[in-house]
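Take a look at the structure below.
The values are calculated or read from the model by the stated rules, or taken from the named source; none is laboratory data. Predicted model only: the values in this text are computed from it and were never measured. Here the Cβ is made from the backbone with ideal geometry for all residues, glycine too, and neighbour counts use every protein chain on show.
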Amino acid sequence: MVFLLSKAPTQARKPIVWILTFVSGGVFVLFKYWPQPINFDKAKNLPNGPIESVGSLLNDLTSVFGTISQVLTAFMLGLGIFSILRIHGTRIAKQQKDWFFSVVLLVTMFSMVVFGYWDFHIRAANRTIDYDNAANWGFVNMGRDFLFEGLLQQMDAAMFSIIAFFILSAAYRAFRARSVEATIMLGTALLVIISLMGAVASGWDSAVDRIATGSNHDLLVNLKISEIANWITKTLQTPAITGIKFGIGLGTLSMALRIWLGLERGGK
Amino acid sequence: MQHVKPGWWSIDSPGLGQQYWDTGWFALFFTFIFMAFIVVNIKRAQGSKELFIRRIPGLNAIDEAVGRATEMGKPILMVPGLSDPVNAIAVQAINICAYVTKTAAKFSNPILMCAYSASMYTLAQEVIRDVYQQEGVPERFDPDSVRFISDRQFAFAAGVSGIIHREQTAAAFFLGEFYAESLIFAETANSIGAIQVASSTEATQTPFFIAACDYVLIGDEFYAASAYLTREPVLVGSLIGQDWSKVFAITCILCGAVSQSMFSCSHARGVEAAVQASSGNADAKKKNLADLKESETHSFVFSKLFKTNDPPEDLKIDRQPNAAAAPAAATNAPGGSN
């Protein structure tokens, strides 16, 4: 398909791409809307009539188009790797600033690829050996484990941990009472934070309980910190987030519709 | 186990009715209405009618950010999110990045674009190259300005943060799908004093961007960007269509609230009547409440139009056996004859 597309005249390429997009997108749209047969096993039963037959066919077609998409993505991965090699290869060749880090990147990238595939090959060739038991590991298995679990996963975790410090610095800036809006946000956030502090929340709630019982005013119970925080999250926060999500959903639908109908002209 | 005989295309048919669109069909109709609104307004906008779009500060700031980068002689960084594979969000992010690049190309300002996925990298590179060609300066396009960093979330975050520090970018645009790494980007860019315009389609990340960035596009402002910046009839029309859809959705929400309130009142009255009718007899009370629950399953509530009821797990549908597939399945089965 890609070969045919490259041989097609330039003027014909856009319509071909649009037709392919429309057909493949149409399959997914139909799949979503067409009634799907339930409790149906194609290997054991025949579909009941045309409705179920079409439903079953659409189900099969979505996996075919899904596979095509995966194959195209795999081709693109090659281009991505080429981009990394070109940028960092040039930096090493010209010995630009920090070129040594480029060497580290390329060495680790190739090591991961080599050990990953080698390990996969060994595991596939010796299915009878239990590789979940580290006692059965050889040099390659250990190498892959060291690179993936020992280095990559740990560095991922380290990067994730850094977010805690960034939250602190961002919160400090955001919660300075510079305007009315910032002050409201600061007050609201403080109430929610206090409600999550077990000892403080428990003391506050007990005090409100005592006052409410003593004065026989049930309405005072609503002043419990847990009730206030619950009201803020359920009555203010959740509808606001749902509204934002709804807007995003509509925007995505509109964008998808434009792409599907060939009305979107990216980058113009 | 419930048995259902095969049915034909009729909503009354037990086969079709119970299997498929017994409830929840209005949600599908709802989506069709949205689509219709969008398509109708695209046609309306193509009829050269001037349609109004309100001012969006985050989008007005794009020119300001590019101008500042030009004055400082430093590059502009763009990150079109973590979409993998390319989806509608990624296409929209790249559209905004294309506009930024167009402005930057006019002032010969260098750009840097970091791609999370290889497919995003390929698409972005083509779009950015096209922008330089349209502006009549194809020689200014640097293929290394669009980079594939990594398709692992935190490796990508580390790579982009490193670029921000090394290149000392004057302006940063974070647009698209962002997750936990959003604050790493925003705070790193903030630490070097870069002007930032950001938007995340993930509602949970928007507060982080608001806390750390100069301008934020919230929710569907992200999708309004192309229409706002280019004023193309197709884009403006679809934006107006989205607004119509919102009005329709608000109407449905109000109907739902009224309907649910009426149902709650009727339920409360029903419970009261059931308790009174039982005259203190626990068994009678239990039976009356069960009868009430049963009768309420047939009463109309607006939300039932949107909620799909899953079929019973033990629903058995009578079907003919697949004679052609059976021998093949037996052959492929472990221990099957060859």
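Answer yes or no as to whether A:Leu186 is over 30 Å from B:Ala88 (Cβ atoms) and either in the same structural domain as A:Leu20 (by TED's automatic domain parsing) or not acidic (Asp, Glu) (or both).
yes
Looking at B:Arg152 and the list (1) under 23 Å from B:Pro85 (Cβ atoms); (2) over 27 Å from the mean Cα position of the chain (by Cα); (3) among the basic types (Lys, Arg), which single condition is not satisfied?
Unmet for B:Arg152, out of (1) under 23 Å from B:Pro85 (Cβ atoms); (2) over 27 Å from the mean Cα position of the chain (by Cα); (3) among the basic types (Lys, Arg): (2).
Suppose we filter segment A:159-185 for residues that are facing chain B (nearest Cβ under 8 Å) and not β-branched (Val, Ile, Thr); how many remain?
Keep residues of segment A:159-185 that are facing chain B (nearest Cβ under 8 Å), which gives A:159-160, A:162-163, A:166-167, A:169-171, A:173-174.
Keeping just the survivors that are not β-branched (Val, Ile, Thr) gives A:159-160, A:166, A:169-171, A:173-174.
The number of residues fulfilling the criteria is 8.
For segment A:180-233, how many residues are under 25 Å from B:Ala211 (Cα atoms) and among the aromatic types (Phe, Trp, Tyr)?
1
Can you name the condition, by its number, that B:Met113 falls short on among (1) in a helix (DSSP H, G or I); (2) within 21 Å of A:Met255 (Cβ to Cβ); (3) more than 22 Å from the chain's Cα centre (by Cα); (4) not basic (Lys, Arg)?
Among (1) in a helix (DSSP H, G or I); (2) within 21 Å of A:Met255 (Cβ to Cβ); (3) more than 22 Å from the chain's Cα centre (by Cα); (4) not basic (Lys, Arg), B:Met113 violates only (1).
Does B:Ala225 qualify as being of a type outside the set (Lys, Arg), crowded, with 22+ Cβ neighbours inside 10 Å and not assigned by TED's automatic domain parsing to the domain that holds B:Pro75?
Spelling it out, B:Ala225 is indeed of a type outside the set (Lys, Arg), crowded, with 22+ Cβ neighbours inside 10 Å and not assigned by TED's automatic domain parsing to the domain that holds B:Pro75.
Out of (1) under 30 Å from A:Gly66 (Cα atoms); (2) at pLDDT 85 or above, the odd one out for B:Lys74 is which?
(1)
Only one of B:Phe178, B:Phe174 is in a loop (DSSP other than H, G, I, E, B) and on the phi < 0 side of the Ramachandran plot; which?
None of the other options fit; the residue is B:Phe178.
Listed residues B:Phe32, B:Phe52; which is at pLDDT 75 or above and at the interface with another protein chain (Cβ under 10 Å from one of its Cβ atoms)?
Just a single option satisfies the conditions, and that option is B:Phe32.
Which members of segment A:41-100 meet the condition of being hydroxyl-bearing (Ser, Thr, Tyr) and within 30 Å of B:Leu315 (Cβ to Cβ)?
A:Ser53, A:Ser56, A:Thr62, A:Ser63
Restricting attention to segment B:87-113, and to residues there that are surrounded by fewer than 24 Cβ atoms within 10 Å (Cβ to Cβ) and over 17 Å from B:Glu135 (Cβ atoms), which single residue is nearest to the other protein chains (Cβ to nearest Cβ)?
Filtering first and then ranking leaves B:Ala88.
Would you point out the residue of segment B:38-86, among those that are polar (S, T, N, Q) and part of a helix (DSSP H, G or I), that is surrounded by the most Cβ atoms within 10 Å (Cβ to Cβ)? Before you say what the answer is, go through the steps one by one.
Pass one, segment B:38-86, residues polar (S, T, N, Q): B:41, B:46, B:48, B:60, B:70, B:83.
Now narrow it down to the ones that are part of a helix (DSSP H, G or I): B:41, B:46, B:60, B:70.
Details: B:Asn41: 25, B:Gln46: 13, B:Asn60: 13, B:Thr70: 19.
Selected residue: B:Asn41.
If a residue must be touching a residue at least 24 places away in the same chain (Cβ under 8 Å) and within 14 Å of chain B (Cβ to nearest Cβ), how many such residues does segment A:19-53 contain?
Looking only at that region, the number is 9.
Could you tell me whether any residue of segment A:229-238 is more than 7 Å from chain B (Cβ to nearest Cβ), buried (at least 18 other Cβ atoms within 10 Å of the Cβ) and either in contact with a Phe, Trp or Tyr (Cβ under 9 Å, 6 or more places away or on another chain) or assigned to a helix (DSSP H, G or I) (or both)?
There is at least one residue in segment A:229-238 that is more than 7 Å from chain B (Cβ to nearest Cβ), buried (at least 18 other Cβ atoms within 10 Å of the Cβ) and either in contact with a Phe, Trp or Tyr (Cβ under 9 Å, 6 or more places away or on another chain) or assigned to a helix (DSSP H, G or I) (or both).
Looking at this structure, is B:Leu183 crowded, with 24+ Cβ neighbours inside 10 Å, within 12 Å of chain A (Cβ to nearest Cβ) and more than 22 Å from A:Ser102 (Cβ to Cβ)?
When the stated conditions are applied, B:Leu183 passes them.
Taking the condition on the phi > 0 side of the Ramachandran plot and in contact with a helix residue (DSSP H, G or I) (Cβ under 6 Å, 6 or more places away or on another chain), does B:Gly136 pass?
no
If I filter segment B:119-130 down to residues being surrounded by fewer than 24 Cβ atoms within 10 Å (Cβ to Cβ) and at the interface with chain A (Cβ under 9 Å from one of its Cβ atoms), which single residue comes out as nearest to B:Gly176 (Cα to Cα)?
B:Leu123
If B:Thr230 passes every condition in (1) of a type in the set (Val, Ile, Thr); (2) in contact (Cβ under 8 Å) with a residue 12 or more places away in the chain; (3) at the interface with chain A (Cβ under 9 Å from one of its Cβ atoms); (4) within 20 Å of A:Ile241 (Cα to Cα) but one, which one does it miss?
For B:Thr230, the exception is condition (4).
Can you tell me which condition B:Phe156 does not meet? The list is (1) surrounded by fewer than 23 Cβ atoms within 10 Å (Cβ to Cβ); (2) more than 9 Å from every other protein chain (Cβ to nearest Cβ), and all the others hold.
Every listed condition holds for B:Phe156 apart from (1).
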